[in-house]
Amino acid sequence: MSEKKRLRDRPYDEKKVSLEEALSYIKTGDHIFVGSACGEPQYLVNGLVEKARHLADNEILHVHTLGVAPYAKPIYSGRFRLNAFFVGINTREAVAEGRADYTPIFLSDLPKLIKKGMVPIDVALIQVTPPDEHGFCSLGVSVEITKTASKMAKLVIAQVNRFMPRVLGDSFIHVNDIDLIVEHDEPILEAPPPPRDIVSDRIAKYVSELVENESTLQIGIGSIPDAVLGALSDKKDLGVHTELLTESVVELVEAGVITCAKKTLHPGKIIASFAMGTRRLYDFINNNPMVEFYESDYVNNPFIIAQNRKMVAINQALEVDLTGQVCSDSLGYVFYSGLGGQADFMRGARMSEGGKAITVLPSTAKEGTISRVRPVLSEGAGVVLTRGDVQYVVTEYGVARLDGKTIRERALELISIAHPKFRNELLDWAKSHRYVPEEILPFPEIEYPEELKRYVTLKDGTPVLLRPIKPSDATMKQHLFYALSKESVIKRYLGPLKSLPWDRIWPYVIIDYKNEMVLVAVVTEEGMETMVGIGSYSKIPNTDSAELALVVRDDWQGRGIGTALLNYLVELAKVNGFRTLRAWVLIENTTMMHLFRKCGYKMKYRLENGVYEIILDLSQPTEEQS
């Protein structure tokens, strides 16, 4: 009878041993897996270093460690060599100094490599709940790779801890599959929610606008993901399918925001593979039928993820270049974290019906001295998400949508959400490398006025977004022009205009939002933003008057968009100190004349050569307006 079979055939009480005895079964040269994150068996890990002095040349493998990692200290480098699949804060120095290894791998692939023996595991140190009446122990807060490692290890040593929550799903290991049991109760490692900050809250606001009701979420850990969850309190029937479950989810469940009722996969269930939080989270998931944990090759499988309709993946990056490449695992040559499940979930979300893949990052690093939106990724930086993976990028300065966009459009989108003080530096680089045309004017060093975005509902119930134009809207503005009929072009430009080249577009998309204002009316058609109307005013030099112009795509005319644009432009012109607005209208353009007559301000006009010169006196509202 083999030693492994002899150990496993014993009943629970006979498997109970002291820490010292359990560790004595580990041999020199063994590959030792350590349970992940908050599920780390701290008692066993400390004992491994302090008491198993017979060991040498042992490899330690783990995904992410939140607690003790004494084996990574220089003093133990002769006995242990760490191989991290995700570099955490307490192992970063060892990896950087070459005393430990980092294996870049998607978490969805890691179980397969373990099962094939490509990642050998001789010993698994895990932490579990006491067995239930059927002999099953729950792996609790850490299932992802831990269950796979327990299946494949030649020796399984379990720390049985009554503080571990009993989590449901495919999260159980039977006593018969454990070789040695060390009973030791201690608090489960905790990861309190990070403090909130202004940048995270601003990013969260933009992300919340992208999340629709009935979406299923994957959100990581950190101040930005935590702020995102806090910004979703007005949503309905959200679901969760995520590798990592954090504490902010509990608040949304208790508020009735997360119900999982509309999920297309595992309806009614929160699906995850591990949890990091405080005791509040652990008490919530304990024996909760709403929560199920599964291994990473299931939870992180992009084809599984994609079965969730409206799957929204939100992941943080370290930097992004002007073509859309994203680095999230290294600072130059220094490995900072790992691939984790970021690419798994972003690709799954993109394949999902109505899904969205959202990359979030602050616009700067090192107290504002470095732009995270870069011309090219830093030397040595790894590409975790390729140009083809990235859909949305969000900073505290707005949202850039990249999918389906040219390099020119991507560069302009990303420059627009960079910190204002770096925008023209990025623009100059993009011009010199022919990413964007030389004709593009410099960006004003002002923030895009996100607060001016306004949703209006047309009389037929259609929602339309009115917002100030952005430099990245140049292509949409051009598309709008070529979608207009000849009659609409003549009415807007007071004569035939066959083309709208780039050099005529740039002055209308790079503006100061005060002396010049351009509002666009945007709708979503087949999942893409489409410009269906545009209105503008521009200051007439040395006056308190501005020139006004409007145009609406033919198939959207007569639905109220022109009225909405005009009313909003008048409102903004008054705020910015203009007393009058002037417009020139062809005599046959009766629709525009009607708009001006009903806008609520005294109108003067004179006719010359078939063109009306209109003057709206913003200081004299009509009786209807007043």
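What follows is calculated from the coordinates using simple rules that are stated; it is not laboratory data. Since the model is a prediction, treat every value here as computed from it, not as a measurement. For neighbour counting, all protein chains shown are included, and Cβ atoms are generated from backbone atoms with ideal geometry for every residue, glycine included.
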How far apart, in nm, are the 7 Å Cα→Cβ label points at Ile198 and Lys498? 5.3 nm
Pick out, in residue order, every one of the GluC sites (Glu not before Pro) in segment 309-384 that is DSSP loop and has at most 13 other C-beta atoms within 10 Å; say none if there are none. Glu353, Glu367, Glu379
Output the Cα-based Rg and Dmax of segment 450-621 in Å, rounding Rg to one decimal and Dmax to a whole number. 15.3, 45
Too-long pairs where the Cα-Cα distance tops 21 Å, listed order kept, from Lys15/Lys147; Lys73/Lys366; Lys115/Lys147; Lys262/Lys310; Lys262/Lys453; Lys115/Lys356: Lys73/Lys366; Lys262/Lys453; Lys115/Lys356
For Leu465, put the label point 7 Å out on the Cα→Cβ axis and report which residues of segment 335-377 keep their amide N under 13 Å from it. none
Hull volume in cubic angstrom per residue (convex hull over the Cα atoms of segment 175-240): 145 Å³
Please report the equivalent ellipsoid semi-axes of segment 319-449, computed as sqrt(5 x eigenvalue) of the Cα gyration tensor, largest first, in whole Å. 23, 18, 14
Which parts of segment 290-312 would a label at Asp132 reach, counting a residue when its backbone N lies under 18 Å from a point 7 Å out along Cα-to-Cβ? 290-295
Nitroxide proxy distance, nm - points 7 Å out along Cα→Cβ at Glu487 and Lys514: 4.2 nm
At R0 = 22 Å the Cβ-Cβ FRET efficiency linking Glu447 and Lys574, nearest 0.05, sits at 0.55
So what is the diffusion coefficient of the chain in µm² per second by Stokes-Einstein at 10 °C and 1.306 mPa s, using a Kirkwood Rh over Cα pairs? 58 µm²/s
Taking neighbour counts of Cβ atoms within 10 Å as a proxy for exposure, in what order, fewest first, do Asp512, Asp460, Asp329 appear? Asp460, Asp512, Asp329
Lys453 neighbourhood, Cβ < 12 Å, K/R = +1, D/E = -1, net charge +1
Fewest to most Cβ atoms within 10 Å: His174, His266 sort as His174, His266
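Please give the charge dipole size of the chain, origin at the Cα centre, charges +1 on K and R Cβ atoms and -1 on D and E Cβ atoms. Round to the nearest 20 debye. Before the final figure, lay out each step's value.
Working: 73 positive and 82 negative charges, 242 e Å.
Charge dipole of the chain: 1160 debye, to the nearest 20.
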Summed over the other residues with a beta carbon less than 10 angstrom from that of Leu466, with K and R at +1 and D and E at -1, the charge totals +3
Calculated [θ] (222 nm, deg cm²/dmol) that DSSP helices of n ≥ 4 give over the chain, each run adding -39,500 (n - 2.57): -7500 deg cm²/dmol
With unit charges on the beta carbon (Lys/Arg positive, Asp/Glu negative), name the residue among Ala255, Leu180, Ala343 whose Cα is farthest towards the positive pole of the charge dipole of the chain. Ala343
Which of Met276, Met593, Met517, Met528 has the fewest Cβ neighbours within 10 Å, and the rest in rising order: Met528, Met593, Met276, Met517
Can you pull a Stokes-Einstein diffusion coefficient for segment 284-370 at 37 °C (0.692 mPa s), Rh from Kirkwood over Cα pairs, as a whole number of µm²/s? 221 µm²/s
Net length gained if the chain between Glu425 and Asp9 were fully extended (0.36 nm per residue, minus Cα distance): 142.9 nm
For segment 489-528 the translational diffusion coefficient, Stokes-Einstein from a Kirkwood Rh over Cα pairs at 37 °C and viscosity 0.692 mPa s, in µm²/s, is roughly 257 µm²/s
If I model a spin label as a point 7 Å beyond the Cα along the Cα-Cβ vector, how far apart are those points for Ser432 and Asp283 in nm? 5.9 nm
The longest stretch of the chain containing none of the chymotrypsin sites (Phe, Trp or Tyr not before Pro) that sit in a DSSP loop with at most 15 other Cβ atoms within 10 Å is 334-626
Here the equivalent ellipsoid of segment 198-432, derived from its Cα gyration tensor, has semi-axes (largest first, whole Å) of 31, 17, 17
Can you report the principal axis dimensions of segment 454-547 using only the alpha carbons, biggest first, rounded to whole angstrom? 42, 30, 26
All alpha-carbon distances of segment 533-613, grouped into 10 Å bins from 0, give the whole-percent distribution 17, 52, 28, 2
Explain nothing, just the number: dipole magnitude of segment 181-242 about its Cα centre with +1 on each Lys and Arg Cβ and -1 on each Asp and Glu Cβ, in debye rounded to the nearest 20. 400 debye
Net charge near Val175: determine it from the other residues with C-beta under 13 Å of the C-beta of Val175, scoring Lys and Arg +1 and Asp and Glu -1. -4
Projected onto the charge dipole of segment 198-432 (unit charges on the beta-carbon of Lys, Arg, Asp and Glu, signs +1, +1, -1, -1), the Cα from Ile203, Ala357, Leu427 with the largest positive-side position is that of Leu427
Rounded to the nearest 5, what is the percent of antiparallel bridges among the DSSP beta bridges in segment 450-621? 95 percent
Of the DSSP H helices in the chain, those whose Cα atoms cover at least 15 Å axially and whose Kyte score averages 0.5 or more: 407-417, 561-575
Express in nm, to one decimal, how much length is gained between His54 and Lys27 on full extension, taking 0.36 nm for each residue of separation and deducting their alpha carbon distance. 8.9 nm
Values of log10 I(q)/I(0), in the order q = 0.11, 0.20 Å⁻¹, for segment 376-481 under a Debye, Cα-only, solvent-free model: -0.41, -1.21
How many Å³ per residue does the convex hull of the Cα positions in segment 63-211 occupy? 173 Å³
